[in-house]
Every structure is written in structure tokens, then in C-alpha cells.
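One structure is given below, encoded as C-alpha cells.
The values are calculated or read from the model by the stated rules, or taken from the named source; none is laboratory data. Fair warning: this is a prediction, and the values are worked out from it, not measured in the lab. Here the Cβ positions follow ideal geometry from the backbone for every residue, glycine too, while neighbour counts run over all protein chains shown. For accessibility, only protein heavy atoms count, side chains too; no ligands or nucleic acids. Shrake-Rupley method; radii C 1.70, N 1.55, O 1.52, S 1.80 Å.
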Amino acid sequence: MSSSSSIQQARETLGKRLREIRKDAGLTARELASRAGWHESKCSRIENGRTPPSDDDLRVYTLHCAAADQTADLIATARNIEGAYVEWRRMERSGLRRAQESVIPLWERTRHFRGYSSWLIPGPFQTPAYIRALLTSIRDRRSLPDDLEAAVDVRVDKQRVLYEGARRFAVVLEESTLRHLIGGPETMAGQLGHLLSLATLPNVSLGVIPLSTDRTALWPVEDFWVFDDSQVNVELVSAFLTITQPHEVNTYARTFAALADSAVYGAPARTLITSAIDSLG
């Protein structure tokens, strides 16, 4: 989302860097715009983070500021900013598989996963049947190309990170995620049984926040994952948000810690999961 504080701050930081380059070249914004053949307000919009510069904008900017040695780095920085918010329709235009594959490098390099969900059972903990039900719904709702089985295979294969390497998983679920019926009773029962099994892994901490918990201090929030201390991913209705600003990553980490303190673990968590299974009939 272009109004996201994380993305806007990054755009403003890039704009300040460009302003410094221009001033070092001894040019006013009006002079640079004139040399570049731009409207005189374009420099100001870019430097104040109101307009994201294109690759060509940055090439022209550095050319006229005699800073061509910085062009490649500036382009890479700008692309990273614009990649922070990606609409699902862009990510999934060729089908679901690409969206599943896009996070594999991140999963493979992460050693400490912290995930919170108020909507669904999180990806690494999903069964193939649960995954298939979710992705079928997404494919049909968004009218996507049908690469369903390939996407399911990729998502299932990604779950190897649960068992490989010295990785730790701390996951907190709202009890409501245990009650949302996905794929029918049989699929849901299998999914909840799988949760019980995963909770026994030595590298997994699974907490559940009971529906009866007083949420005055901290109510349910959007689903998110914290990857080590470097990145947060948030799945929105329309887009996939990547957060890398340190202060925002820290905010999510603190929020996760507070949510984790509200959860129950061990036998009480298993009781909630078993109760959800029993409710399926």
C-alpha cells in the first residue's frame, strides 16, 4: 500500500539521498528539471517521496548530476521499495505457483520464525488437503490460471524447513482459527490432528489464545510472520506487504511477544484443539 508508513519512509529516505546528490552537483531542482526535460515540479515530487522514480528517471537524474557511478545502487534501492507492496493480481498473474515460490529464499535463510494468525492455520503447519482447499478458493475467487496442483506441491515442499537445520518456530493462533471450517469437516479434522502432532516437535512452540481471553489491552490484529529480526510479511486482502524498516519490525516483534503472553500452551492448548475436533462431529 503506497500510504504505508514503511514504504513512504523509504521513499522519503531515497528522496533525501537524491537531493544531496543534486546539491553536491551544484544544481537547483529547477535547473535539473530543465536539463532533464521534466516539469519543474517533478524533482520536488521525487525528492519529497511523493512520486516514486522510474529506472529512467534515476538514470537521467544521475547523468545530469555527474553521479553515474551511483545509478545502479539507486535503481536497486528504488526497486526494493516498490517491491515492499505487491498486489496479489500482480504476483499471481501467471498463476498461484509463482506466489508460493517467491518466498522460498526467505524461508530457507530464516532461522527464527514467529507467526501469528487470527484467520487461518499458518502455511508451514497446513496439511495438503487444507492447502488445496485454500488455493482452490483463491484461484476461483480471483479467476487465476489453473496451476493448482503445482502450487500445492510447492507449498507442501516448502514445509521441509520445519525439519531441516536449526530452525525455531513460535506460532500463536487465535482459537477462532481452529473453528473456521476450511475444506469441510474431514479436511479440518485432519488439519487439527496435524497441529497436535506438530506441537510435539522440539523446535515448535504452539500457543492458542482462548476466545474467553480479555482482549481489552491487545485485540486480534492482522496475520503476520516475523523472519529473524530482519523482515515481516503481512498478507492483506488485496496485497502482500513486506516490512523491513527496523522500528516497524520491532513493533511487530513486540506485538508478537504480547500476543504470545496471552496464549496457552501444552495441555491447555491441546484441549482447545481437541475440543475443536470434537465440535466437527
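When the surface is traced with a 1.4 Å probe over the full set of protein chains, Asp261 keeps roughly 130 Å² accessible. Here, segment 35-117 yields an orientationally averaged convex hull projection of 8.7 nm² when only Cα atoms define the hull.
What the chain shows is 50 Å² of accessible area per residue, with the surface traced by a 1.4 Å probe over protein heavy atoms.
Surface calculation, 1.4 Å probe, protein heavy atoms: Tyr85 sits at approximately 50 Å² accessible.
Within the same chain, lysines fewer than 8 places from Lys158 are excluded, and of the rest, none has a Cα less than 29 Å from its Cα. Using C-alpha pairs under 8 Å with a sequence gap of at least 6, the mean separation divided by the residue count of segment 95-279 gives a relative contact order of 28 percent. Centre-to-centre, using Cα atoms only, segment 17-38 and segment 150-197 are separated by 53 Å.
For the chain, what does -39500 (n - 2.57) per DSSP helix run (n ≥ 4), summed and divided by total residues, give at 222 nm, in deg cm²/dmol to the nearest 500?
Working: 14 runs with 147 residues, N = 281.
That calculation yields -15500 deg cm²/dmol at 222 nm.
Protein heavy-atom surface of the chain, 1.4 angstrom probe: 52% of the accessible area is carbon and sulfur, with nucleic acids and ligands not counted. Only one of (i) -0.44, -0.54; (ii) -0.38, -0.48; (iii) -0.56, -0.62 was calculated from the structure for log10 I(q)/I(0) by the Debye sum over Cα atoms at q = 0.08, 0.09 Å⁻¹, and its label is (i). A Cβ-based charge dipole, computed about the Cα centre of the chain with Lys and Arg at +1 and Asp and Glu at -1, lands at about 420 debye. Per the Debye calculation on segment 134-281 with a single equal scatterer at every Cα and no solvent contribution, log₁₀ I(q)/I(0) for q = 0.09, 0.14, 0.21 Å⁻¹ amounts to -0.34, -0.86, -1.57. Heavy-atom accessible surface of His112, to the nearest 10 Å², is about 40 Å², with a 1.4 Å probe and all protein chains retained. Multiply the residue gap between Trp219 and Ser238 by 0.36 nm, knock off their C-alpha separation, and tell me the result in nm, one decimal place. Here the answer is 4.6 nm.
How do Ile243, Ile138 stack up against each other in accessible area, from largest to smallest, with a 1.4 angstrom probe? Walk me through the numbers before you get to the answer.
Details: Ile243 5, Ile138 35 Å².
The residues order as Ile138, Ile243, largest area first.
Straight-line reach from Lys42: taking Cα to Cα under 18 Å and skipping same-chain neighbours fewer than 8 places apart, the lysines in range are Lys16, Lys23.
With Cα atoms defining each centre, segment 237-274 and segment 93-113 are spaced 20 Å apart in the structure. Its relative contact order, with pairs defined as Cα atoms under 8 Å and 6+ residues apart, puts segment 225-271 at 28 percent. With a Förster radius of 30 Å applied to the beta-carbon distance between His247 and Ala189, the computed FRET efficiency rounds to 0.10.
GluC sites (Glu not before Pro) within segment 199-274: which are DSSP loop residues with at most 15 other Cβ atoms inside 10 Å?
Answer in residue order: Glu222.
A Förster radius of 22 Å combined with the Cβ-Cβ distance from Arg160 to Arg98 puts the calculated FRET efficiency at roughly 0.70. The slack between Thr200 and Leu63, meaning 0.36 nm per residue of separation minus the straight C-alpha distance, is 43.4 nm.
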